[in-house]
Structure formats: structure tokens, C-alpha cells
1. Within 11 Å of chain A (Cβ to nearest Cβ), at pLDDT 85 or above and not in a loop (DSSP other than H, G, I, E, B): is that true of B:Ala312 in this structure?
2. Under the condition of being assigned to a helix (DSSP H, G or I) and within 20 Å of B:Glu8 (Cα to Cα), which residue from segment B:332-353 is nearest to the chain's Cα centre (by Cα)?
3. Only one of A:Ala159, A:Ala177 is closer than 15 Å to A:Glu256 by Cα and within 14 Å of another protein chain (Cβ to nearest Cβ); which?
4. What do you reckon, is B:Leu264 over 14 Å from the mean Cα position of the chain (by Cα), in the same structural domain as B:Arg135 (by TED's automatic domain parsing), over 23 Å from B:Asp26 (Cα atoms) and not in a strand (DSSP E or B)?
5. Output the residues belonging to segment B:268-303 that are assigned to a loop (DSSP other than H, G, I, E, B) and among the hydroxyl-bearing types (Ser, Thr, Tyr).
6. Can you tell me which residue is surrounded by the fewest Cβ atoms within 10 Å (Cβ to Cβ) among those in segment B:270-307 that are among the charged types (D, E, K, R) and closer than 26 Å to B:Arg122 by Cα?
7. Can you give me the number of residues within segment A:115-139 that are assigned to a helix (DSSP H, G or I) and open to solvent by 30 Å² or more (accessible area, probe 1.4 Å)?
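The values are calculated or read from the model by the stated rules, or taken from the named source; none is laboratory data. Predicted model only: the values in this text are computed from it and were never measured. Glycine gets a Cβ as well: all are built from the backbone with ideal geometry, and neighbour counts include every protein chain shown. Ligands, DNA and RNA are stripped out before the accessible areas are found, and what is left, the full protein with its side chains, is counted by its heavy atoms. Shrake-Rupley method; radii C 1.70, N 1.55, O 1.52, S 1.80 Å.
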2 protein chains.
Amino acid sequence: MTVRAAEEEADARARACLTAVAPPGDLWLGELLAEYGAARVWAELVAGRPAPSAPHEEGAPNGPEEASRLERRWARWSARAGRVDPDGLLSDSAEAGIRFVAPGDPEWPGRLESLDLPGGRRSHGLWVRGRGDLRHLCLRSVALVGARAATPYGEHVAAELAYGLAERSVVVVSGGAYGIDGAAHRAAQAAGNTVVVLACGLDVDYPRGHAGLFAEVARRGVLVSERPVRSTPRAPDFLIRNRLIAALTPGTVVVEAGRRSGALNTAAHAAELNRALMAVPGPVTSALSVGCHVLLRDWQAMCVTCADDVVAQVVPLGEEGAGPPRLDAALDADTRRVLDSVPRKGAGTATIAARSEGTLEGTMRALGMLAAAGLVERCSTGWRTPR
Amino acid sequence: MTVRAAEEEADARARACLTAVAPPGDLWLGELLAEYGAARVWAELVAGRPAPSAPHEEGAPNGPEEASRLERRWARWSARAGRVDPDGLLSDSAEAGIRFVAPGDPEWPGRLESLDLPGGRRSHGLWVRGRGDLRHLCLRSVALVGARAATPYGEHVAAELAYGLAERSVVVVSGGAYGIDGAAHRAAQAAGNTVVVLACGLDVDYPRGHAGLFAEVARRGVLVSERPVRSTPRAPDFLIRNRLIAALTPGTVVVEAGRRSGALNTAAHAAELNRALMAVPGPVTSALSVGCHVLLRDWQAMCVTCADDVVAQVVPLGEEGAGPPRLDAALDADTRRVLDSVPRKGAGTATIAARSEGTLEGTMRALGMLAAAGLVERCSTGWRTPR
């Protein structure tokens with residue numbers, strides 16, 4: 001392993017651990033990571049040392065009150081960091097089929113760079129589960145979001161749109177809730193792939209009734225979260241998760257939303273990020289369409305009624321029907337070595353790591369990427385090359 | 001009667017007769033009227049003389065084919081003019097409670113001037129039935145249009161909007177068809193006034209089932225048409241009528257419309273005339289909302305879901321709730337004399353004409369305007385001043 005690769009791995013490992021101590025999208029943490037690197041920040045936290053720079057937050061007044069608020073935040077993270085077992089976190093994740101993707105990794109979605117602007121609440125790293133490749137799935141994608149307590153009309157329209165988009169090789173990105181999210185994923189599964197963005201750990205299966213759907217998505221698509229295994233969802237997590245749904249896609253369609261629906265929060269993020277904002281109209285007599293009509297009336301959302309309308313908004317002219325680009329990637333030496341170590345009839349991760357002379361984590365991440373590209377696949381004994 | 005008043009009356013009388021020979025909105029007739037005046041044009045037609053100017057039509061190629069086409073048109077009008085009995089036309093109309101309103105009359109709606117632009121198919125005169133004053137009713141108005149074969153959803157929304165608009169002192173303008181038109185008028189009647197724009201003579205009651213509704217509208221609002229008594233509607237009349245609905249109002253709302261609905265023709269006129277164009281969304285699964293969604297998607301129509309949304313588009317800021325301005329008109333001498341000749345207990349039109357020393361037609365028109373202003377009203381013996 002080169003020095004650079006080792007550094008990158010240490011950075012990714014530190015970022016993975018940081019997901020267990022700091023909330024997703026924390027602005028100050030983003031600043032610290034940009035300035036000192038994740039490995040350094042993590043080391044200081046674990047050692048219980050003070051923050052590497054005078055605490056201040058982008059855009060926030062830098063008074064003594066603010067400083068002491070950030071000091072308390074650092075102390076809280078530090079206390080949590082002391083309880084994190086990095087190897088355990090990574091091996092538990094690997095066992096649950098969950099890999100960690102850090103900024104700069106081949107699977108990191110380029111669109112997330114739009115969150116790097118001030119106030120953009122950048123993502124510090126993503127947990128990913130499933131055989132799809134997150135970056136490639138998002139290239140030609142659209143977010144379909146809407147109410148949890150959707151009407152039959154809303155679920156019908158979500159399913160029609162999602163199926164139509166999947167048929168047109170557009171990947172559907174949504175949350176994991178009942179209602180519009182579930183209807184969209186289920187229909188898209190029938191003709192293509194989906195990306196589920198969760199506000200909890202990817203082993204948590206929240207809501208419970210969607211465990212089967214999530215397992216199905218993982219077979220060809222991916223589930224994504226900024227929170228580590230075993231994290232149960234808390235209310236603010238859904239809002240911070242919504243920015244990710246908007247950021248991963250070139251456009252967001254709100255299928256059905258009440259006046260205060262969380263889908264409008266996703267819509268606001270899409271508008272902020274200059275993504276196409278679309279809304280499906282519905283009966284003006286339906287409380288669950290009020291949010292969509294507000295988007296049409298006051299937010300200049302585009303009125304969309306079918307998959308073709310959506311494709312016209314998000315797919316550049318001339319690219320219709322092209323399908324997502326394939327990963328016939330120029331693999332780096334480490335990943336190539338891992339691929340060469342995967343036998344036809346299959347082997348466990350530890351065996352492959354030993355054969356490729358890599359670390360367990362590095363091998364896990366490489367296998368995840370290879371699986372996403374369809375170059376290796378899961379089998380009863382671990383991993384094998386596809387028939 | 002002054003020379004000027006006599007000239008105006010002759011012009012109005014000629015225009016009334018012209019509605020019986022030429023189609024509404026005829027571009028060439030509009031040119032001839034502007035250049036030679038209606039009395040001269042009518043006289044030439046009746047006398048069977050050639051058109052007063054070399055036949056050519058605004059914007060049309062002036063080749064020999066075009067010229068002979070216009071000559072044939074003139075000959076057709078001339079033949080019809082020979083069969084028109086002007087006194088009979090006016091007295092039949094008066095008997096049916098129908099007055100003629102010519103450009104420049106106090107009741108002529110100012111907004112129709114927007115049709116005077118080239119290609120605008122200006123109106124040559126309007127037949128009006130009912131006690132409302134057309135000009136004043138249109139000042140604070142909105143067109144509500146939509147499909148004849150409306151769904152229960154569409155009729156419900158039309159009624160809700162119309163009632164809400166009437167409550168806010170906004171006059172509803174629409175056609176006279178079943179479906180959206182009828183639902184809108186009926187609901188608006190409950191709280192305010194409406195203007196029915198018909199494509200047939202105002203005594204024809206088309207469709208038959210709306211005879212009662214039209215009688216009800218006439219009690220406080222008005223019915224309008226460019227076609228004389230006894231004219232039955234022909235297909236092209238509906239399209240030319242639609243421009244009038246759009247032109248009379250500061251904005252048009254399409255409540256429900258299929259892909260090829262006539263309401264989209266009204267919407268196109270509204271857009272051409274720079275009027276506010278609004279559409280009510282509906283279920284994307286409904287064929288009767290497809291037209292509305294096309295307007296929202298491709299025509300930049302404003303998405304409206306309630307009367308307040310509509311008022312925000314058509315009523316200038318600061319004028320909300322002001323109500324239509326009242327006619328405390330500075331009456332001209334002739335009209336004042338007619339008003340002074342109307343007894344408390346009522347008298348017939350001929351009696352009033354004799355007492356005011358005016359012509360029968362002039363008195364009829366004056367009475368119509370006075371009724372519109374609420375200064376006289378119908379009674380069993382003819383006309384009286386209100387209690």
C-alpha cells in the first residue's frame with residue numbers, strides 16, 4: 001500500500017468513526033475536517049485534547065458565548081469518541097453488508113460537492129449498503145418524495161412515475177418511509193434501480209415493515225445513510241437527510257405533500273441547490289396536494305404529470321435513453337489486487353484480504369466498490385466473481 | 001336630440017343591423033367601419049352598391065384572389081341586408097328585453113379596446129340582456145371557463161371558486177354551456193352577479209336547459225352576444241365568442257379542460273391579450289385536467305386553487321374588497337330626460353318615449369342603461385323608478 005493510499009484509508013476510517021460521535025452535516029466539523037484532516041481531528045477527540053483551532057463556526061458570530069457553545073460540543077464528541085471501537089464499528093458494518101464511502105472515493109457522488117458551499121452542510125461520509133454503485137446510480141437520477149400518509153391517488157401517481165422513470169433508465173432516489181417513498185421504490189424496482197436515503201443506521205430497517213423492501217433494493221440498488229449501524233432515527237435527522245436526497249439528484253419531484261410536509265423541506269433544499277424542482281398537481285380539494293400547489297404557485301416548481309415531463313426536466317437533451325454510464329473503471333493497484341484475489345467459487349473477506357495483502361477494512365471497501373460495478377458478487381461463502 | 005346624438009344613434013342602429021348580416025369579429029368589416037362609419041357601410045350594403053373601398057383585409061395578401069373573395073363576401077352581406085327590417089330587429093329585441101350597445105356607449109366595456117389592435121377581431125357591437133350594466137360588471141371581473149362534459153370534481157371546484165369570487169365582489173364571466181360554465185354562474189348567483197357570454201341570440205336560450213339560469217342572470221347581471229335575436233349557434237361562433245370572454249375580463253381561469261377543450265381557445269385569447277392566465281390543477285389521472293396541466297406546464301399559467309389565489313392575480317393591490325364602482329353617472333341630457341319621464345307607478349316604453357320626446361330605439365337604449373345603473377326597473381306595465 002502506498003503512503004497516499006494509507007493516508008486516504010486513515011482519513012476514511014476517521015470519518016467513519018466521526019459519524020458515530022457528531023451529527024451529519026455539522027458545519028464546524030466540516031470546517032475542522034477541511035483544515036486539519038479527519039485523522040487529526042479524530043486523534044484529538046480520542047485523546048481528549050482541545051479542538052485544534054479556536055472554536056468558531058462559519059457565518060456565526062464569534063463571541064465568547066458561541067465559543068463556549070462549541071467547546072461544549074467538542075467535549076461531547078470527545079466523550080463519545082472515547083467509547084467508539086473503530087475496528088468493531090467497521091467489522092459490524094461489513095458484516096451487515098455496509099461499506100463506508102468517503103469524499104474522494106470512486107463511489108462518492110460528484111453532486112455532493114454542491115454542499116461544500118458555505119452553509120451547505122457538507123456530508124462527512126456516507127454509509128452504503130447494496131450492490132449498486134452510488135455514484136453511478138445518481139448520475140441519471142431523480143428524487144421522488146412525498147407524504148408518508150399519502151392518499152391512494154398519491155401512491156398511484158408515485159408508482160406510475162417511478163416505473164416510467166425506471167423504464168427510461170432514470171434511477172429513483174427517495175427516503176424509506178411508508179407512503180410516497182415506499183410506493184416509488186417498489187414500482188421502480190420492477191423496472192430498474194433505486195437509491196434509498198435513510199436517516200438511521202442501514203441495519204436498523206426503519207420503518208420495520210420496509211425491511212423486505214430494503215433487502216430487495218440492496219440486491220441491485222443501494223441504501224445510503226450518514227449515520228452508523230445501530231443508529232435509530234431522531235426527528236432532526238430526517239431534515240438533515242432531506243438535503244442529501246436533494247443534493248444527490250439533478251431534480252426533485254414532490255408527488256403529494258400536505259401544507260407542512262417534510263417533502264417541502266426536501267423541495268426547499270432542491271431549490272437552494274439550484275436543482276430542478278417539480279411538483280405533481282392533484283385535486284385542489286385534497287389536503288395532501290396543498291403542498292404541491294404551493295410549490296407550483298409560489299416556488300416556480302415545474303408542473304409534471306408523467307415520467308416524460310420529469311425526464312424533460314432532468315435529462316440533458318440528446319442523452320435520453322442513454323442509460324447510466326458503466327464502470328469499466330481504471331482500477332487502482334490495490335483494488336485490482338483485491339479483484340484478482342477473488343476466486344470464481346468464492347471466498348470470505350478475510351481470505352481475500354490475506355491473499356491481496358491488504359487490511360480487512362481496505363479489502364471490504366474495495367469489494368464494495370467492485371460489487372457496485374458488478375465485478376464481484378455476494379455468495380454463501382463471501383464473495384465471488386460473477387458467472 | 002343634438003346632431004351628434006342623432007349621428008351616434010344612426011351609427012348604433014347600423015351596427016345593430018350589421019350583426020344580422022356579417023359574422024362577429026370580421027376583420028374587413030372592422031376596417032370598413034373604422035374608415036367610413038357604420039351608417040355609410042350599411043347604406044351601401046342595403047343599396048346593393050359595391051364596397052366603399054377596394055377590398056383588402058388587414059394583414060392579408062392583397063392579390064386578385066383575395067379581392068374576389070372579399071367581393072363575394074360583400075355581395076353575401078348585401079343580399080342579407082336587403083332582407084333585414086331594422087325597426088323590426090330593434091323592436092323584437094326590445095320586446096325580448098335586449099338592448100344594443102355600440103362602441104362609445106356608456107355601457108361599452110373599456111377592455112374591448114384591446115381587440116382594436118391589428119388582428120384583434122374587434123367587436124362591432126354587443127346585444128345585452130339583463131338589468132346589470134355590462135361595463136361596470138366587467139370592471140372587477142374574472143372569466144371562469146372549462147369543459148362542458150365536466151367531472152363532479154370540476155363542477156365542485158367551479159362552484160367553490162365562483163361563490164368565493166362573488167363574495168369578494170368579483171363578477172364571474174363565462175359562457176352559457178352545461179358543465180363548468182353553468183356551475184360557475186349558478187354558484188356566483190348565490191352571492192353576486194354574473195355575465196353570460198353567448199354565441200347565439202339572447203332570446204334563443206341555448207342550451208334549452210339553461211333558460212331558467214339565463215332568466216335568473218338577467219335579473220341582476222347580464223347576458224351578452226354579438227349575434228342578433230333568433231340566431232342559433234354555429235360551431236365557429238363559439239370560438240369567436242371565446243375571444244370576447246377573454247377580452248371582457250382582466251384574467252381567465254380554466255377550471256377543467258381536456259386536451260382539446262374549447263376552454264384552451266379562451267386561454268389562448270387571454271394570453272394573446274396579455275390577460276392573467278390561470279389554471280386549476282386536478283388529478284393527473286383525469287383526462288379532464290390534462291388541458292389545465294398543459295397550461296401550467298407550457299403556458300406559464302398561474303396555479304390557482306381558491307378564490308383568494310384568483311383575486312391576487314386580477315385585483316390590483318389595495319383594491320381588494322372595494323366592490324365595483326357605482327354608476328352615479330353624469331347622465332347626458334337625452335338620458336336624463338328619459339329618466340325624468342319614467343313615472344313611479346310605471347309606464348310602457350312607447351309612453352316614456354313620447355313623454356321624453358325621443359325615438360323608440362333611443363328611449364329603449366336609455367332605459368336599458370338606466371336599468372343597468374339601478375335608476376329604473378322593470379314592472380308589469382313597463383318601467384318604473386325603484387321604490
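1. Answer is yes for this residue.
2. So, considering only residues that are assigned to a helix (DSSP H, G or I) and within 20 Å of B:Glu8 (Cα to Cα), the one nearest to the chain's Cα centre (by Cα) is B:Thr335.
3. A:Ala159
4. Spelling it out, it is not the case that B:Leu264 is over 14 Å from the mean Cα position of the chain (by Cα), in the same structural domain as B:Arg135 (by TED's automatic domain parsing), over 23 Å from B:Asp26 (Cα atoms) and not in a strand (DSSP E or B).
5. Matches in segment B:268-303: B:Thr285, B:Ser286.
6. Looking at residues that are among the charged types (D, E, K, R) and closer than 26 Å to B:Arg122 by Cα, I get B:Glu272.
7. 4
Let's see how each residue does on (1) more than 29 Å from A:Ala312 (Cα to Cα); (2) modelled with pLDDT of 95 or more:
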{"residue": "A:Ala218", "(1), (2)": "no, yes"}
{"residue": "A:Val222", "(1), (2)": "no, yes"}
{"residue": "A:Val229", "(1), (2)": "yes, yes"}
{"residue": "A:Glu272", "(1), (2)": "no, no"}
